[in-house]
């Protein structure tokens, strides 16, 4: 097992280095020269040269890359062209918001998705099955940002039951702590603030969870159908165990294996959806920030953010794989991917 | 008729809220006319005057104000945007200030100064016993330091308002020297007499007094003498202020304990936040959401704006060096139609740079007539097939629809005359740097008056700073006219100078003036006491929300 | 967004597929597909969309209005007999714009998939067939691309390349290459291990011949499923780019872009946002249903369910 873990960790390193090269090339080589973008086309040649010097852009490209990588390894991702703030600080300030949103979204997606999937499988080919399959299909077919706006119109604009954007009432905002407001407010025993944070997160998390929920529902259903057909489940039924017991104790437990993998992988893909959801709900996280910075060509920020997300993504996938291996002894550690 | 009625109801409204006196005093420097303020017909509510209970109703601790963009910063020496001003006016105070409803200058941290007969020496009496939020003393020395850092040679490139407010050697105007012989006396000597100087001292840019202890940090952590103290700024989300309990003037002390500013870029979500009770007052409303505000049980405040929404031709670009090309493009665009369909009844067609209520002498100024046939021919003759413009995405006080919608409408008109318009759009903060740097043919911009003086508008064509003068218009005759205007005392002669200025830029088609928009605020029915000023900032010290 | 599940599900069925002869596979599949009512309806919808896209392109006069023609006095007319979907800010007919937008969405969907399909299949086949160093290098590159969410990568590409529909196609096409490469590689590995490939090699068939004659036909079904679903995610990604303002240049009519600008008028003109959103959802749903249908049709195990 340990050997496998080490092997996977070693495999992740070239991937991340590769990603840093791709992002670096995209931002520094294929993009337009940032000097006129930031200083303007009327800037003098000297001013642009001075600016490039200040940002190390006159160095040979390989040196720039090494500097970037070396900085990144030390946790220094450079500074924003526009605000001159440290990219690491800016990203870290927004990171908890995105984590919180993704965690709540994946919880919703898993709870609802597994329930729907199990019901659909147990009641195969009935109306329940049909409805949950249609729902999950619509879930993967709707643009997440459209859904988000529809939710805002309904719950904030018409029904006035939930807030339309933001993370928490600014005056209730907990200072310090984990940065996850739901946890921080609970830790301080501030129920009012907790409820307020919860009310703010419901709509964006629901919108964000929709796609993953659909995937989880479908995966649960098909996995449940597979296990329900397995011999041991039939045997259990034949032995006269109640259908419910068989479903929950025997089939569900085994069906969860592939489902848990999917949940893990979805947690990573939520980061992609978060960019759109955060933009729609004015959620002050990394996704919204990346979009803003891309729109104004603030390349150091984009570069740093993509790398950060890559690290998270790879880490999540690694953990998911390891859990999978740990849960299912049938899988050999040398298992090839794909 | 309607306007008179509306003004009266506005007065009642103010009286009920306990603002000093309802009868406003006209004349003095600056505005001679008051903008028209009105509230829409109240649906079912009664004027708050009538049913005011005897006991004070409980008031909420916090007033939340939502605006479309984040301030660029909070040091008045460096910023130039309305979003910053909106926050700064709660924190800082000026030596002089405007009265509540117009741009008439009244005492602030100083009394009205004595002016020497030649109009060059101003002697200010600084009030005593006032402290900045950080406990340091406000005195003549502090005021001097604040102004001095904006004068040459201390002045830096990024002090957007400095040359306009305090003048420069090159143009031979503004402050020549500033002295503080003792703690309560401030003596300012000007290079040339200026009718607008007092109004400039009361302006919400450049002039508000920053504590010298905070000169290096006020962009992020402002320190002033005003009714509210800065608490925190969560980037791209909110700014929190709290009441200054040691405020010097009990008559104008802050009523609510906290003021929170939130930044919500799009109009529709901002309105949703209002009707949903998440925020108490919002600005930047346009015609598309007016009904949503009122249908959502909230109220609308409106007042004719002291602003201009325009498209500037880059007079230094290859395509538009020549006035004929600028005129040809102007002929292609049906501005009245554009204004009425884009802004409905909440903006009026601009025949001149200054709104007519502010400068009635501009009523005969004419802009280029819409004539697509001629435009098509002239543009073809000039060989103009493709143009490039830059624009902003956020709604602005003078353009509730945002620059993107406006640019695309212009694109539509130009495509009818065979010209392709390429549009590059940026968020407002980025856009501000882009207008200084990008090589565009046209750009979209606007101006909200800061002091009610015509020079404040017309100087935009003479300003050496390209972020003000986005048309990059440079004309010595025009600059001479502007200088003359500044030195002429208010009156018919001065009006005539500014009428000539208007004519001068209209003939040369430096801009395509588009509209003067009505300022709109949406607010919750429980909220009262805010004071919307013609300079498009809302003072919140008197604002309360009943619970 | 990665459709990992699809890959897992298809790979379960490879043995059955491999054993079949291709002709009977296609006719069986078609027969099975015809039993699947949602899939057939979707196929109909897709044909209709394709017809709309083609007709509006070669014969735009068929549209009730010129979709680019500005008519300011007519701005934001609610849906009516004249303007079925209402008009937008500039008074342009939204029905015409939604219809002409079909072309862009389908073009993006098909072209992006064509890019990722051709590159992905080639890379996957080489990696799987050649093995060794080729395999390692290619698959590590694919891992790199899979190490960030595809939409983020697409946005980064757009940021570097600039706005425009052609660039959107390239960006979206590039980011989904790895999915195809992975599927093809694993299928090739499975097929390669089969007796008949070994037999072909014994008879002396060349590499290309083996790939084209024996391997690709067997890989094709799962690729078709993936491509059909890929079109739907390409359309969604394109809409997301448009929504963020990174898609098309105005005055081009793209659904995501229309939706993005309708967002400011959700209360005064909800139709400006409703119809483009519905158009996206229906199109994507149709491709998803069809993809599901094809998968079930190709998979006897699923069919039995």
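Any read-out appearing in this document is the output of simple, stated calculations on the displayed coordinates, not a laboratory observation. On a predicted model such as this, the values are computed, not experimentally measured, just so you know. Every residue, glycine among them, receives a Cβ derived from its backbone with ideal geometry; neighbour counts consider all protein chains shown.
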Problem set entry | Residues in the stretch A:246-284 that a label on residue A:234 would reach, taking backbone N under 16 Å of a point 7 Å out along Cα→Cβ | A:251
For this session: Nearest 5 is fine: what % of DSSP beta bridges in chain B come out antiparallel, could you say?
Result: 75 percent
Exercise. Once you average over the residues of C:275-286, how many Cβ atoms of partner chains fall within 10 Å of each Cβ?
Worked result: 3
Problem set entry | Unit Cα scatterers, Debye sum, the stretch A:120-182: log10 I(q)/I(0) for q = 0.12, 0.19 Å⁻¹ | -0.58, -0.86
For this session: Can you tell me the order of B:516-523, A:51-58 when each peptide is scored by its average per-residue count of other Cβ atoms within 10 angstrom, highest first?
Result: B:516-523, A:51-58
For this session: Based on a Kirkwood Rh over C-alpha pairs, give the Stokes-Einstein translational diffusion coefficient of the stretch B:74-133 at 20 °C and viscosity 1.002 mPa s in µm²/s.
Result: 159 µm²/s
Exercise. Where the centre of each part is set by its Cα atoms, how far does the stretch B:377-438 sit from the stretch B:153-179, in angstrom?
Worked result: 33 Å
Exercise. What Kirkwood radius, in Å to one decimal, follows from the Cα pairs of chain C?
Worked result: 20.9 Å
Exercise. Which whole-number percentage describes the relative contact order of chain B, with Cα contacts under 8 Å and a sequence gap of 6 or more?
Worked result: 20 percent
Problem set entry | Cβ-derived FRET efficiency at R0 51 Å, residue C:194 paired with residue A:159, nearest 0.05 | 0.30
Exercise. Using a Gaussian network for chain A with springs between C-alpha atoms less than 10 Å apart, which of these wobbles most: A:116, A:180, A:101?
Worked result: A:180
For this session: In nm, give the distance between the simple-model label positions of residue A:315 and residue B:215, each being 7 Å from the Cα along the Cα-to-Cβ direction.
Result: 4.5 nm
Problem set entry | Nearest 10 degrees, 0 to 90: helix A:87-122 Cα axis against chain A principal axis | 20 degrees
For this session: Rounded to the nearest 10 degrees, what's the angle between the helix C:216-243 long axis and the longest principal axis of chain C, both from Cα atoms, 0 to 90?
Result: 30 degrees
Seminar exercise, completed: Contact order relative to length for chain C, counting C-alpha pairs under 8 Å separated by 6 or more residues, stands in percent at 26 percent
Exercise. How do the peptides B:308-320, B:248-260 rank, highest first, by the average count of neighbouring beta carbon atoms within 10 Å per residue?
Worked result: B:308-320, B:248-260
For this session: Compute the acute angle (0 to 90°) between the alpha-carbon long axis of helix A:253-280 and the principal axis of greatest extent of the alpha-carbon atoms of chain A; round to the nearest 10°.
Result: 40 degrees
Exercise. Over all distinct alpha-carbon pairs, what is the Kirkwood Rh of the stretch C:155-278 in angstrom?
Worked result: 17.4 Å
For this session: Would you mind telling me the antiparallel percentage of the DSSP bridges in the protein assembly as shown, rounded to 5?
Result: 80 percent
Seminar exercise, completed: Across A:299-308, the residue-averaged tally of Cβ atoms belonging to other chains within 10 Å stands at 2
For this session: Would you mind putting B:87-93, A:264-270, A:69-75, B:373-379 in packing order, based on average other-beta-carbon counts within 10 Å, highest first?
Result: B:87-93, A:264-270, B:373-379, A:69-75
For this session: Subtract the Cα-Cα distance of residue B:477 and residue B:500 from 0.36 nm times their separation in residues, and report this length gain in nm to one decimal.
Result: 7.2 nm
For this session: Determine by what factor the alpha-carbon radius of gyration of the protein assembly as shown differs from 2.2 N^0.38 Å, reporting the quotient.
Result: 1.01
Problem set entry | At q = 0.08, 0.09, 0.19 Å⁻¹, base-10 log of I(q)/I(0) for the stretch A:1-155 (Debye sum, equal scatterers on each alpha carbon) | -0.49, -0.60, -1.21
For this session: Run the quick spin-label model on residue B:191 and residue A:324: label points 7 Å from Cα toward the beta carbon, then report their separation in nm to one decimal.
Result: 7.4 nm
Seminar exercise, completed: Everything considered on the Cα gyration tensor (a ≥ b ≥ c; rounded for a/c under 1.5, else prolate if a/b is larger than b/c, else oblate), the stretch B:94-214 must be described as rounded
Problem set entry | Semi-axis lengths, Å, chain B, gyration tensor of Cα atoms, sqrt of 5 times eigenvalues | 36, 30, 21
Problem set entry | Average other protein chain Cβ within 10 Å of Cβ, residues B:273-283 | 4
